[in-house]
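The values are calculated or read from the model by the stated rules, or taken from the named source; none is laboratory data. Computed from a prediction, not measured in an experiment: that's the story for all the values here. With ideal geometry, Cβ positions are generated from the backbone for all residues, glycine too; neighbour counts draw on all protein chains shown.
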Amino acid sequence: MAALAAQAMAACGWLVLQPDPGGCGDSEGDFGDAAWQDWVEDMDSAWGWLAARVPGGRRILWSLRAGSLLVAAWLRGTGLCPDLLLWQPVLDGERHLRKFLRFELMRLMLAEAASVRPAIAHAWARIEGGEAVEIAGYTLAPLLARGLKEARFTMPAGYSGRVDMIEVGSKAGAASSPLVSLRDKFAASGVRASCCKVAGPSFWQVQAIGEAPALFEKTLLILDEARS
């Protein structure tokens, strides 16, 4: 979905950078060695790449799920105010990490007809103790888990960019109450913000590649508005 969206954006005239943080994709290192702060610093490299190629152009930070937390952490250390385009944004890192552990362990443990709750409690205790845990074949390093656990989607004081948030669900319509509340909070501080829900599959949770055409369509509409 990210690759297809990047291609669609590029076809509409946008220069798109889709980076791999350290330990992911084609980047150096193993995922088991990844650290949250290293990923924040990787944002500096990505931003510098874009700034060098579009020194006077409009730049937008685009994220999926917990990428919103990474964006927020990076912005708090820069003083920059780029516009944000957030797909299925996560607002609380600890809650997200707990849900991830529960989802993956339930899927694995039920296949083995084992008890899920003790496995979840044991995995969380290890994270709390600064140990690495293996989930779905990936080693979740303590520095990454700790950084995600502490992350919250909070903007730096004085942020004045535009924030567009898109969720995906079984039906199009109003966004979830947390996003509506966040939109209203932004609006109260003078920040232009929108949120909506489009119809499509939860493509980040399925084994097969899933596509959500409505997400592409809404994204391109938002980008057209940003350019005008």
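Against the test of being part of a helix (DSSP H, G or I), over 15 Å from the mean Cα position of the chain (by Cα) and surrounded by fewer than 20 Cβ atoms within 10 Å (Cβ to Cβ), the options 32, 25 yield a single qualifying residue, 32.
Does residue 7 fit the bill of being surrounded by fewer than 20 Cβ atoms within 10 Å (Cβ to Cβ), within 24 Å of residue 211 (Cβ to Cβ) and more than 14 Å from the chain's Cα centre (by Cα)? First the steps, then the outcome.
On the way: surrounded by fewer than 20 Cβ atoms within 10 Å (Cβ to Cβ): yes; within 24 Å of residue 211 (Cβ to Cβ): yes; more than 14 Å from the chain's Cα centre (by Cα): yes.
Yes, satisfied.
Return the total of residues in region 167-176 being more than 15 Å from residue 65 (Cα to Cα) and not in a loop (DSSP other than H, G, I, E, B). First the steps, then the outcome.
If we filter region 167-176 for residues that are more than 15 Å from residue 65 (Cα to Cα), which is where we start, we get 170-174.
Adding the requirement that they be not in a loop (DSSP other than H, G, I, E, B) leaves 173.
So the answer is 1.
Which count do you get for residues in region 47-76 that are over 17 Å from residue 165 (Cβ atoms), without any contact (Cβ under 8 Å) to a residue 40 or more places away in the chain and touching a helix residue (DSSP H, G or I) at 6+ places or on another chain (Cβ under 9 Å)?
3
Where residues in region 149-166 are closer than 20 Å to residue 224 by Cβ and of a type in the set (D, E, K, R), which of them is modelled with the highest pLDDT? Checking each candidate, the answer is 164. Within region 58-91, being in contact with a strand residue (DSSP E or B) (Cβ under 6 Å, 6 or more places away or on another chain) and closer than 15 Å to residue 36 by Cβ holds for 63, 68, 71.
Picking from residues in region 177-224 that are outside any helix (DSSP H, G or I) and of a type in the set (A, V, I, L, M), the one that is nearest to residue 157 (Cα to Cα) is 191.
Of all the numbered requirements in (1) more than 17 Å from the chain's Cα centre (by Cα); (2) closer than 19 Å to residue 3 by Cβ; (3) not polar (S, T, N, Q), residue 227 misses one, and that requirement is (2). Scanning region 109-128 for residues that are over 22 Å from residue 66 (Cα atoms), of a type outside the set (Asp, Glu) and either in contact with a strand residue (DSSP E or B) (Cβ under 8 Å, 6 or more places away or on another chain) or at pLDDT below 70 (or both) turns up 109, 110, 111, 113, 114, 115, 116. Out of curiosity, is residue 30 outside the structural domain of residue 79 (by TED's automatic domain parsing) and within 23 Å of residue 89 (Cβ to Cβ)? In short, no. For region 121-145, the set of residues classified as assigned to a helix (DSSP H, G or I) and not charged (D, E, K, R) consists of 121, 122, 123, 124, 125, 127, 142, 143, 144, 145, listed by residue number. Within region 82-99, residues that are closer than 13 Å to residue 219 by Cα have Cβ atoms under 7 Å from residues that are among the hydroxyl-bearing types (Ser, Thr, Tyr) in these pairs: 85/219; 86/63; 86/68; 87/63, counting only partners at least 6 apart in sequence or on another chain.
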